[in-house]
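Reviewing the structure listed below.
The values are calculated or read from the model by the stated rules, or taken from the named source; none is laboratory data. Quick caveat: nothing in here was measured; it's all calculated off a predicted structure. A quick note on method: Cβ atoms are made from the backbone with ideal geometry, for glycine too, and the neighbour counts reach across all protein chains shown. Surface areas here come from the heavy atoms of the whole protein model, side chains and all, with no ligands, DNA or RNA. Shrake-Rupley method; radii C 1.70, N 1.55, O 1.52, S 1.80 Å.
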Amino acid sequence: MAADLTGTYLTLDDGRPAVRFSRTYDHPVARVWQFVTDADELAQWFPSRAEIDLRPGGTIAFSGDPNMPESTGRVLAVDEPRHLSFAWGGDELHFDLEELDDKRTRFTLTNVLQAADTAARNGAGWEVCLSALDAKAQGERPEGPHAGTSAPWKEFYEGYVEAGVPSGAPVPGLD
């Protein structure tokens with residue numbers, strides 16, 4: 001059975017590769033902003049715990065991923081409650097929230113990649129993480145892990161590779 005891929009591989013206007021995901025959540029924008037910025041909320045779906053100093057130039061402390069060392073990132077931009085971007089490793093993550101009405105928000109995650117060959121790997125990882133966020137947004141408990149080698153990402157990875165998305169980067173915890 002083929003994976004249902006929700007990400008799109010693209011080249012940004014500045015030439016950098018990226019993978020992008022979009023969801024619509026039945027929550028006001030302020031609630032979705034909490035999913036993106038509150039450390040306890042993030043820990044339920046993001047690959048690492050992320051403690052964010054929510055200001056441009058602020059530090060983000062990443063911890064809790066068994067396959068990645070603790071690290072720090074830097075907040076690049078904040079426009080509460082509509083945009084947050086930060087550096088994570090060599091990548092950038094951009095979260096854009098668009099209020100559709102009083103009760104619905106369009107959530108867009110763009111992972112700007114340091115290297116194109118990470119697209120399939122990262123896309124597969126985000127599929128798993130965003131499935132956990134989807135469940136959380138629906139008031140459900142996510143099933144299984146959303147990070148690490150035991151997360152069910154392999155089918156997604158194979159789907160991205162079959163779709164021609166650049167691949168070949170090492171997978172933390174496996175390579």
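Given the choices [x] 0.98; [y] 1.28; [z] 1.33, Cα Rg over 2.2 N^0.38 Å derived from the coordinates of this structure is entry [x].
Quick one: putting +1 on the C-beta of Lys and Arg, -1 on the C-beta of Asp and Glu, what dipole do you get for region 49-175 around its Cα centre, in Debye to the nearest 20?
On the way: 11 positive and 22 negative charges, 36 e Å.
Taking the Cα centre of region 49-175 as origin, the dipole is about 180 debye.
What do you get for GluC sites (Glu not before Pro) in region 29-81 restricted to DSSP loop and a cutoff of at most 12 other Cβ within 10 Å of the site's Cβ? For GluC sites (Glu not before Pro) across region 29-81 that sit outside H, G, I, E and B with at most 12 neighbouring Cβ atoms in 10 Å, the list reads 70. Global size of region 11-76: 13.9, 35 Å for Rg and Dmax (C-alpha atoms, Rg to one decimal, Dmax whole). Per residue, the chain exposes an accessible area of 51 Å² to a 1.4 Å probe, with every protein chain left in place.
To put it simply, the accessible area of region 1-125 at a 1.4 Å probe is 46 percent carbon and sulfur. Remark: relative contact order (the chain) = 24 percent; criterion is Cα-Cα distance under 8 angstrom and separation of 6 or more residues.
As a rough guide to protection, the peptides 124-134, 97-107, 78-88 ranked by mean Cβ packing within 10 Å, highest first, stand as 124-134, 78-88, 97-107.
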